[in-house]
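What follows is a set of notes on a single structure, which appears directly below.
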Amino acid sequence: MRRDKLLEKMRVNPRNDWRIEDVQTIADRYGLSFNRPKGGSSHVTLRHNSGSKLTIPDHRPIKPVYIRKLVKLIDQLGENHE
């Protein structure tokens, strides 16, 4: 499988100035739904058909802990498909 450059950059440097648009790009590539609730919520929720879920605050920069959780979620989804 081809390595995803954006995901690898997140893996190597979770402290970078990541934006919610970067998270949305990764979500689209890996089959995660990207939900930005109405009503003024400052969080987005990523969901996968397997039941996995991750909620990330929509603040810039996104804290490294959330980038690490996103990378871990993608890794877990990849393990389940192999």
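Those residues that are under 19 Å from M10 (Cα atoms) and surrounded by fewer than 16 Cβ atoms within 10 Å (Cβ to Cβ), I need them from the range 48-68; list them, please. Give the steps one after another, and end with the answer.
Of all residues in the range 48-68, those under 19 Å from M10 (Cα atoms) come to 53-68.
Result: K53, T55, P57, D58, H59, R60, P61, K63, P64, V65, R68.
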Counting only residues in the range 1-35 that are in contact with a helix residue (DSSP H, G or I) (Cβ under 6 Å, 6 or more places away or on another chain) and of a type in the set (D, E, K, R), the one surrounded by the most Cβ atoms within 10 Å (Cβ to Cβ) is identified as R11
Of everything in the range 37-46, what is closer than 15 Å to I62 by Cα and modelled with pLDDT under 90? Give them in sequence order.
S42
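The values are calculated or read from the model by the stated rules, or taken from the named source; none is laboratory data. Everything numeric here is computed off the predicted structure, so don't read it as measured data. Backbone-built Cβ (ideal geometry, glycine too); neighbour counts: all protein chains shown.
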